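The next block holds one structure in the form of structure tokens; read it before the comments.
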Amino acid sequence: MLVKTYCAAVNGLEVTTVTVEVSMARGVQFHLTGLADTAVKESYDRIRAALTNNGFKMPTMDITVNLSPADIKKEGSSYDLPLAIGILAANGKVESEMLDKYMMVGELGLDGRLQPVRGALPIAIRARAEKYKGLIVPNQNIREAAVVNQLEVYGMDTLMDVVQFFNGAKTQEPTFIDTRKEFYEQQNHYELDFSDVRGQESVKRALEVAAAGGHNLIMIGPPGSGKSMLAKRLPSILPPLSLAESLETTQIHSVAGKLDRETSLISQRPFRAPHHTISQVALVGGGTNPQPGEISLAHNGVLFLDEMPELSRSVLEVLRQPLEDRKITISRAKYNVEYPCSFMLIASMNPCPCGYYGDPTHNCVCTPGQIQHYMNKISGPLLDRIDIHCEIQAVPFAQLSQMQPGEPSEKVRERVIAARKIQEERFKPFKGIHCNAMMSEKMLHEFAEPDAESLDMLRMAMERLKLSARAYSRILKVARTIADLDSSEKVQSQHIAEAIGYRNLDRGDWAERGI
């Protein structure tokens, strides 16, 4: 007897429908075909134990299972459930009339319990696109899969629940989640707020400009000056996620297995802060079974690199292409996957190895050669891709104890959202462009062309700071954002002047000129 069940293979963010074909004939062997990896091949032992412990018996037949299409690699344990149901249906223990209407995924424990799998959300999206009536997933994956509307999603606890569902012995109701209600309720709940930061007004202004235009930013200053504190509060002033952005971000976290059981949609922009010992693969993605890296987990959010020079040079250099293209293509001998990675890079660093170069309250013990070597860990091409360079000094205690709480994030966020709305209107004719940081060179000439006075100012800055052509473009993009914050249609000289002030840490003479 030949029976077919349906599941899915996840490769990057692409999902392919997989047909599990089970055929039985006289004999005693088990054959599994279809480019299955070790985890899939081991499913036979898990299925046999699960069937035995739930009152069934593994058929003493010649069982041939094919995972079609056979030329796509099948990885992971999510094929356990459709394989088990297919074997039971071929043996006459499960009614097969409804099997073609449902897609199912799930790992089986030896007692028959269903264990969670990765990628339930993109699989649910694929099931709806393929016009399946419903999707069966483990209960732990129910909230992320039920985000997809126009699809019946059933959460099951055990293999026996699924058998009874297909046999009509148990009535199961699909799970419904009001995603819009949950999404909008959780959007504005931030534990960290800009009002906690006292002083550092110039740095907060730089972060506001970065948030308004989606620009990358680096902070440089001594230990304890508040670099990490400020960076962690940046998401509280960013514009809220749209439903489309949230769905895309949630898919990435679903594939990586990073979603909490109680999470349906990610409602706040991600903030990823990997340790400086992170490897290239962990940062950009990949591995034996390809997984998204930190830059993709930060998609539509913030990637914070604390103590940036402490990361290895090779790890830092792999950021150059993703910062420009906003996507990462991982090519290996056995696979080729692409992940989105449109993130804001926020970095921090000390001015020297001891951390106190240029600090008026501490003596620096580093030699000029040590300082130059420390600064050289960040290459010029990478630094060019960071739009805003921001100096930061520690706030003295005498001032810190007297200062009033700072401006709350809510007010700053209102200005940022207003600037982003201007940009949305401006870039409506351009597909995939949402903020000033994404502008092409052609758009710069159209929307950020400097006047004669601003052009002279730019020429002097280019010659004095020895800036590259890329840095020139970055200055214009930042100036356009500053103009948007001022609700100015034209980029004026004061906007250019402020933007130039954010390039004063460009490479070349850091160790000589001081901070």
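The values are calculated or read from the model by the stated rules, or taken from the named source; none is laboratory data. Please read these numbers as outputs of a predicted model, since none were measured by experiment. Counting neighbours? That spans all protein chains shown, and the Cβs are built from the backbone with ideal geometry, glycine included. Only protein heavy atoms, including side chains, enter the accessible area calculation; ligands, DNA and RNA are left aside. Shrake-Rupley method; radii C 1.70, N 1.55, O 1.52, S 1.80 Å.
Residues that are within 38 Å of the chain's Cα centre (by Cα) and of a type in the set (A, V, I, L, M) within the stretch 24-48 comprise Leu32, Leu35, Ala36, Ala39, Val40, Ile47, listed in sequence order. Restricting attention to the stretch 234-274, the residues being within 27 Å of Glu310 (Cβ to Cβ), of a type in the set (Lys, Arg) and modelled with pLDDT under 95 number 2. If the condition is being touching a residue at least 60 places away in the same chain (Cβ under 8 Å) and more than 15 Å from Leu81 (Cβ to Cβ), then the stretch 22-36 contributes Ser23, Met24.
The residue list Leu151, Leu135, Leu121, Leu159 contains one member that is within 28 Å of the chain's Cα centre (by Cα) and within 17 Å of Leu83 (Cα to Cα), which is Leu135.
Condition first: touching a strand residue (DSSP E or B) at 6+ places or on another chain (Cβ under 8 Å) and open to solvent by 10 Å² or more (accessible area, probe 1.4 Å). Now tell me which residues in the stretch 91-110 satisfy that. Even if it seems obvious, please write down each step before you answer.
Let us first name the residues in the stretch 91-110 that are touching a strand residue (DSSP E or B) at 6+ places or on another chain (Cβ under 8 Å), namely 91, 96, 99-109.
Passing the criteria: Asn91, Ser96, Asp100, Lys101, Glu107, Gly109.
Residues in the stretch 236-259 that are open to solvent by 50 Å² or more (accessible area, probe 1.4 Å) and over 17 Å from Gln187 (Cβ atoms): Lys258 alone. Every test in (1) touching a residue at least 12 places away in the same chain (Cβ under 8 Å); (2) under 27 Å from Leu485 (Cβ atoms) is passed by Leu265 save one, and that test is (2). For the stretch 280-322, residues that are of a type in the set (A, V, I, L, M), out of contact with any helix residue (DSSP H, G or I) (no Cβ under 8 Å at 6 or more places or on another chain) and modelled with pLDDT under 95 total 2.
Counting only residues that are closer than 30 Å to Gly293 by Cβ, out of contact with any helix residue (DSSP H, G or I) (no Cβ under 6 Å at 6 or more places or on another chain) and assigned to a strand (DSSP E or B), which one in the stretch 11-22 is least open to solvent (accessible area, probe 1.4 Å)? Per the stated criteria, the residue is Val18.
Of the residues in the stretch 59-80, at least one is open to solvent by less than 60 Å² (accessible area, probe 1.4 Å) and assigned to a helix (DSSP H, G or I).
Screening the stretch 478-494 for residues that are open to solvent by 20 Å² or more (accessible area, probe 1.4 Å) and part of a helix (DSSP H, G or I) and picking the one that is nearest to Pro450 (Cα to Cα) gives Ser493. Any residue at all in the stretch 390-409 that's of a type in the set (A, V, I, L, M), buried (at least 20 other Cβ atoms within 10 Å of the Cβ) and more than 19 Å from Val203 (Cβ to Cβ)? Looking for residues that are of a type in the set (A, V, I, L, M), buried (at least 20 other Cβ atoms within 10 Å of the Cβ) and more than 19 Å from Val203 (Cβ to Cβ), one finds none in the stretch 390-409, hence no. Only helices (runs of 4 or more DSSP H) whose full extent lies in the stretch 268-379 are considered here, and none of them has at least 2 residues that are surrounded by fewer than 22 Cβ atoms within 10 Å (Cβ to Cβ), at positive phi and among the β-branched types (Val, Ile, Thr). Residues that are more than 30 Å from Leu247 (Cβ to Cβ) and either open to solvent by less than 10 Å² (accessible area, probe 1.4 Å) or of a type in the set (A, V, I, L, M, F, W, C) (or both) within the stretch 148-165 comprise Leu159, Met160, Val163, listed in sequence order. Within the stretch 120-145, the only residue that satisfies the criterion of being touching a Pro at 6+ places or on another chain (Cβ under 8 Å) and open to solvent by 50 Å² or more (accessible area, probe 1.4 Å) is Gln140. Inspect all residues belonging to the stretch 351-364 and state whether any of them is of a type outside the set (A, V, I, L, M) and in contact with a Lys or Arg (Cβ under 9 Å, 6 or more places away or on another chain). No; the residues of the stretch 351-364 include none that is of a type outside the set (A, V, I, L, M) and in contact with a Lys or Arg (Cβ under 9 Å, 6 or more places away or on another chain). Scanning the stretch 194-226 for residues that are among the hydroxyl-bearing types (Ser, Thr, Tyr) and buried (at least 22 other Cβ atoms within 10 Å of the Cβ) yields one hit, Ser225. For the stretch 410-436, residues that are among the small types (Gly, Ala, Ser), at pLDDT below 95 and either in a helix (DSSP H, G or I) or open to solvent by less than 40 Å² (accessible area, probe 1.4 Å) (or both) total 0. Of Asp506, Asp451, all but one fail to be farther than 28 Å from Ser242 by Cα, crowded, with 16+ Cβ neighbours inside 10 Å, modelled with pLDDT under 90 and acidic (Asp, Glu); the exception is Asp506. The set of residues from the stretch 23-36 being surrounded by fewer than 14 Cβ atoms within 10 Å (Cβ to Cβ) and at negative phi comprises Ala25, Arg26, Val28, Gln29, His31, Thr33. Yes or no: Arg474 open to solvent by less than 70 Å² (accessible area, probe 1.4 Å) and under 30 Å from Met229 (Cβ atoms)? Answer is yes for this residue. Put simply, of Ala8, Ala39 the only residue that is of a type in the set (A, V, I, L, M, F, W, C), touching a residue at least 40 places away in the same chain (Cβ under 8 Å) and either crowded, with 16+ Cβ neighbours inside 10 Å or in a loop (DSSP other than H, G, I, E, B) (or both) is Ala8.
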